[in-house]
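The values are calculated or read from the model by the stated rules, or taken from the named source; none is laboratory data. What you see is a predicted model, and the numbers here were worked out from it, not measured in a lab. Every residue, glycine as well, gets a Cβ built from its backbone with ideal geometry; the counts of neighbours run over all protein chains shown.
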Amino acid sequence: MASQVSSKARAPAYITAHTHDVASNTITTTHGGHIPLSMEQNNSALTLLSHLSAYSLAGCLMEHFVVFHSWQLTTSPDELQRLQTPTGMRTLYIYVIPKMITTLLACYLAWTTNQTWLKWCVACLTVSWVSSFTVQIPLQRRIQQTGDSKALVTLVWTDWVRVGSMLGHCGIVFWGCHSLG
């Protein structure tokens, strides 16, 4: 009867287990069942994720502290409506599309690797997207249609959920990338 020793060697994230059969001196490697990335590809993807995450956080902070607060300087509903529409469209290209790419990359890495911290990154991004679609976007549409300054105040306060989740995401990404060495 051959004895088997299981070890968790530092290996690419897609490898889930090594089994060493001591009697025959063979090592069996079990893969996670998904497309493996080489260590170099994995490092490049994590580097890209960290850069995209930092960019997305910067976009989130810019939208919160600059865009939304500049809208509060308007003096009439018409002025608020005129200001909201073009800045809202610019935000789509400058912030939302890169954040979508960040989310897709984080999901891909969470699915193809065995890193728990990446799943937490995806969870933070999910909170941010849910907040965007259920609270921020409807409020921005109301502001665009009516120039409602009370909706703007609500938008600024409820946006803290999104800011907090993006800060959490970015912090986890930087911690996770640092912990991998």
*What is the number of the single condition among (1) within 27 Å of residue 76 (Cα to Cα); (2) within 11 Å of the chain's Cα centre (by Cα); (3) of a type outside the set (Ser, Thr, Tyr) that residue 142 does not meet?*
(2)
_Take residue 113 and tell me if it is among the hydroxyl-bearing types (Ser, Thr, Tyr) and over 16 Å from residue 168 (Cα atoms)._
yes
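Would you confirm whether any residue within the stretch 108-128 is among the polar types (S, T, N, Q), in contact with a Lys or Arg (Cβ under 8 Å, 6 or more places away or on another chain), assigned by TED's automatic domain parsing to the domain that holds residue 65 and within 14 Å of residue 63 (Cβ to Cβ)? So that I can check it myself, show each step before the final result.
Of all residues in the stretch 108-128, those among the polar types (S, T, N, Q) come to 112-116, 126, 128.
If we keep only those that are in contact with a Lys or Arg (Cβ under 8 Å, 6 or more places away or on another chain) too, we end up with 128.
So of that shortlist, the ones also assigned by TED's automatic domain parsing to the domain that holds residue 65 come out as 128.
Pick out the ones that are also within 14 Å of residue 63 (Cβ to Cβ) and you get 128.
Checked against the condition, which is being among the polar types (S, T, N, Q), in contact with a Lys or Arg (Cβ under 8 Å, 6 or more places away or on another chain), assigned by TED's automatic domain parsing to the domain that holds residue 65 and within 14 Å of residue 63 (Cβ to Cβ), the stretch 108-128 yields at least one hit.
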*If you check every pair at least six apart or on different chains, which have Cβ atoms under 6 Å apart with a residue in the stretch 135-154 that is within 14 Å of residue 81 (Cβ to Cβ) first and a residue that is aromatic (Phe, Trp, Tyr) second?*
152/71
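Results for (1) without any contact (Cβ under 8 Å) to a residue 60 or more places away in the chain; (2) within 22 Å of residue 69 (Cα to Cα); (3) not aliphatic (A, V, I, L, M), shown as yes or no for each residue.
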| residue | (1), (2), (3) |
| --- | --- |
| 95 | yes, yes, yes |
| 115 | no, no, yes |
| 120 | yes, no, yes |
| 129 | yes, yes, yes |
